[in-house]
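Bear in mind these aren't lab numbers, they're just calculated from the coordinates by the rules spelled out. Quantities reported herein were computed from a predicted structural model and do not represent experimental measurements. Cβ atoms come from the backbone with ideal geometry, glycine included; neighbour counts cover every protein chain shown.
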Amino acid sequence: MEYISIKGGNRLCGKVSMSGAKNASVAILPAAITCGGVVVIDNLPQIEDVTNLAKALESLGAKCEFTNNNTLVVDATCVSKHALDANMAKSTRASYYFMGALLGRLGRAEVPQPGGCDLGVRPIDYHKRGFTTLGANCTDEHDVVHLSCDGLKGANIYLDSPSVGATINLMIASVFAEGVTMIENAAKEPHVVDTANFLNKMGAKITGAGTATIRIRGVKKLGGGEYTVIPDPIETGTYMIAAAITGGDVTVENVIPKHMESLSSKLREMGCIVEEGGDWIRVQGNENLKACEVKTAYYPGFPTDLQPQMAALLCKANGSSIITENIFEQRYRYASEFKRLGANIKIDGRMAVVKGNCRLKGATVHATDLRAGAALIVAGLAANGETLVGNVCHIDRGYERFEDKLRSLGADISRITKDE
Ligand code: EPZ
């Protein structure tokens, strides 16, 4: 079995460059199905979710070729299959974007329930209601969503909460819907904006992405072209927190500092020095971190995807901190693994109390999901002795060259195979 081994205690110092955003890439790849020409997508992170989606595109009839580790050429002009294989769907959460893409392009789609991180119940009722509002028939049979339409019609869609997945899926579907579609109470996350920018570059007419109201005027056809994915805000945040927890001095390059404001301001509140320029952020840690309150929220609030990594940092703060998880109520499954490292975390529903001044000590732990895995590695960087993190498949789904990048900053980290 594979483990990531971290021998803690090294201060991280130096510069590290960020990869393309996972959650933008995994939306743009399925969205490429709607394009009527060859699409070149640059700055894709080299991660399992991207590889799996490229395979899924091929299984539907698209031609895909990686011209280097981070550039994929997609020719979806010959896509004719409307049914996604169950194993493809299970490999990543983002397989649900094939619903909107295939429905818009072919007028029908069969997509099995998506996989992805187990963060408790993750319904897709907003997606399905939205497709119905656009004029599609939508049924669930044996865990497969069946969609069909005789041309979608623009409509007003109101989301009960600003779901990232529903906003993107409905935006992709309505690119070809006749007339105007309005998505109200839309998600504002950077990857929503990036997907809209990608579709617009190929000829779509989407305005308002990044605000609560997105307007899509249907077009007859999209073309092809080249697009570069934005840098990953969650990868960026993970390195910023890794710098802070080791009392280090790290400049994270190729980032969009505006996307990081909620984290930058929290780190400053805790006593770190955070400086930023056009496309970089420098984080200098502090021996005496202050405890604080963290409440996850939709963008531009504090991202739920950085909540576990932040919990690791709060273990080193002076005093008790409180986290409130407002997006996924079961996103504390990592707490029992943290306890093996000596952390003192008490969970009560959506709230976690993290006692600081903790002497973390190395242990064997297992990633319960992607960001939990990242958080265990971050905690391991600050623990005494060796931490072994298992279930690395979760981490490989979302971080490009994680060990290499941390090693370049001075971490003692490697991948090992161990007999059970
Ligand atoms: C996306 O998941 C991300 N995944 C997640 O990334 C991220 O944690 C999450 O957004 C929140 O930012 C991808 O982009 C592939 P939501 P998604 O729809 O789309 C409720 C990571 O680590 N809801 O915004 O599944 C839902 O239960 C991860 O990279 C409904 O009730 O999230 C949740 O409470 C994991 N019905 C809230 O909305 C619906 O139909 C937000 O979910 C849809 C959502």
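On average, how much area does the Cα convex hull of region 170-297 cover when viewed from any direction, in nm²? Please report the intermediate quantities before stating the final value.
Numbers: hull surface 35.3 nm².
With the hull built on Cα positions only, its mean projection is 8.8 nm².
Going Cα to Cα from Lys361, which aspartates and glutamates come in below 17 Å? Please leave out same-chain ones fewer than 8 positions away.
The qualifying aspartates and glutamates are Glu337, Glu386, Asp412.
Would you calculate, for the chain, the mean residue ellipticity at 222 nm contributed by helices, counting each DSSP H stretch of 4 or more residues as -39,500 (n - 2.57) and dividing by all residues, to the nearest 500? The partial results should precede the final answer.
Details: 14 runs with 129 residues, N = 420.
About -8500 deg cm²/dmol.
Nearest 5 percent is fine: what portion of the DSSP beta bridges confined to the chain is antiparallel?
On the way: 57 of 82 bridges.
That works out to approximately 70 percent antiparallel.
I need the Debye-formula profile for region 344-400: one equal scatterer per C-alpha, no solvent, reported as log10 I(q)/I(0) at q = 0.17, 0.19 1/Å, two decimals.
Log-scaled intensity ratios, in q order: -0.62, -0.75.
Using only Cα atoms, tell me the angle between helix 22-31 and the longest principal axis of the chain; keep it within 0 to 90° and round to the nearest 10.
Helix 22-31 sits at roughly 10 degrees to that axis.
Are any of the pairs Lys55/Lys346; Lys55/Lys201; Lys266/Lys405; Lys7/Lys90; Lys205/Lys258; Lys55/Lys221 more than 32 Å apart by Cα-Cα distance, and if so, which?
Details: Lys55/Lys346 41 Å; Lys55/Lys201 24 Å; Lys266/Lys405 24 Å; Lys7/Lys90 34 Å; Lys205/Lys258 25 Å; Lys55/Lys221 24 Å.
Pairs exceeding 32 Å: Lys55/Lys346; Lys7/Lys90.
Pop a pseudo-label 7 angstrom from the Cα along the beta-carbon direction at both Lys153 and Lys258 and give the gap in nm to one decimal.
In this crude spin-label approximation the distance works out to 3.8 nm.
For a label point 7 Å from the Cα of Lys90 along Cα→C-beta, name the residues of region 130-144 whose backbone N is under 14 Å from it.
Of the residues in region 130-144, 143-144 have backbone N under 14 Å from the label point off Lys90.
Report D for region 288-420 in µm² per second (integer): Stokes-Einstein, Kirkwood Rh on Cα pairs, 37 °C, 0.692 mPa s. Please list the in-between numbers first.
Numbers: Rh = 15.0 Å.
Rounded, D is 218 µm²/s.
Per 5 Å bin, what percent of the C-alpha pairs of region 263-356 does each bin hold, from zero upward?
Here the calculated profile for region 263-356 is 3, 14, 24, 24, 19, 11, 5, 1, 0.
In Å and whole numbers, how far do the C-alpha atoms of region 1-92 stretch along each principal axis, longest first?
54, 30, 19
Take the Cα atoms of region 270-317, build their convex hull, and give its volume per residue in Å³.
Values: hull volume 4.2 nm³, N = 48.
Expressed per residue, the convex hull around the Cα atoms of region 270-317 is 88 Å³.
Add +1 for every Lys or Arg and -1 for every Asp or Glu among the other residues with Cβ under 15 Å from the Cβ of Ala317, and state the total. Mind dumping the intermediate values first?
Working: positive: Lys266, Arg268, Lys290, Lys316, Lys355, Arg359; negative: Glu269, Glu287, Glu293.
Charge balance near Ala317 sits at +3.
Answer with one residue from His82, Gly115, Leu170: the one whose Cα lies farthest towards the positive end of the charge dipole of region 74-231, charges on Cβ with Lys, Arg +1 and Asp, Glu -1.
Leu170
For the chain, which cysteines have no second Cys with its Cβ under 4.7 Å from theirs?
Cys13, Cys35, Cys64, Cys78, Cys117, Cys138, Cys149, Cys272, Cys292, Cys393
Can you tell me the relative contact order of the chain? Whole percent, Cα pairs under 8 Å, sequence separation 6 or more.
On the way: 1078 pairs, mean separation 88.3, N = 420.
Result for the chain is 21 percent.
Using only the Cα atoms of region 125-179, what semi-axes does the equivalent ellipsoid have when each is the square root of 5 times a gyration tensor eigenvalue? Give whole Å, largest first.
Details: eigenvalues 56, 48, 15 Å².
Equivalent ellipsoid semi-axes, largest first: 17, 15, 9 Å.
If region 66-182 were replaced by its equivalent ellipsoid, with semi-axes equal to the square roots of 5 times the Cα gyration tensor eigenvalues, what would those be, largest first, whole Å? Numbers along the way, then the final one.
Values: eigenvalues 92, 69, 44 Å².
Sorted largest first and rounded, they come to 21, 19, 15 Å.
Let me test this: with uniform point scatterers at the alpha carbons of region 98-152, what is the Debye-based log₁₀ I(q)/I(0) at q = 0.19 1/Å?
Here log10 of I(q) over I(0) equals -0.62.
So what does the Cα-only Debye profile of the chain read at q = 0.11 Å⁻¹, as log10 I(q)/I(0), no solvent term?
Calculated log10 I(q)/I(0) at the listed q: -0.80.
Suppose we take every Cα in region 290-343 and form the convex hull; what volume per residue is that in Å³? Please report the intermediate quantities before stating the final value.
On the way: hull volume 3.9 nm³, N = 54.
Convex hull volume per residue, Cα atoms: 72 Å³.
Taking the Cβ of Arg122 as the center, what net charge do the other residues with Cβ under 12 Å away carry, scoring Lys and Arg +1 and Asp and Glu -1? Present the calculation step by step, with values, prior to reporting the outcome.
Details: positive: Arg93, Arg331; negative: Asp118, Asp125, Glu329, Asp369.
Neighbourhood net charge equals -2.
How much length is gained if the chain between Val73 and Val40 is pulled fully straight, taking 0.36 nm per residue apart and subtracting their Cα-Cα distance, in nm to one decimal?
Working: separation 33, 0.36 × 33 = 11.88 nm, distance 0.45 nm.
Stretched fully, the Val73-Val40 segment lengthens by 11.4 nm.
Taking Cα pairs under 8 Å and at least six residues apart, what relative contact order does region 1-110 come out at, in percent? Write down the numbers at each step before the final one.
On the way: 152 pairs, mean separation 29.5, N = 110.
Relative CO of region 1-110 lands at 27 percent.
If you line up the long axis of helix 164-173 against the longest principal axis of the chain, both from Cα atoms, how many degrees apart are they, to the nearest 10?
Computed tilt is about 20 degrees.
Within the set of other residues whose C-beta is less than 13 Å from the C-beta of Lys258, count the net charge using Lys and Arg as +1 and Asp and Glu as -1. Don't jump to the answer; show the numbers that get you there.
Numbers: positive: Lys188; negative: Glu189, Glu261, Glu276, Asp279.
Spelling it out: positives minus negatives among the neighbours equals -3.
Working from Cα positions, state the angle (0 to 90°, nearest 10) between the long axis of helix 97-106 and the longest principal axis of the chain.
Helix 97-106 sits roughly 20 degrees off the main axis of the chain.
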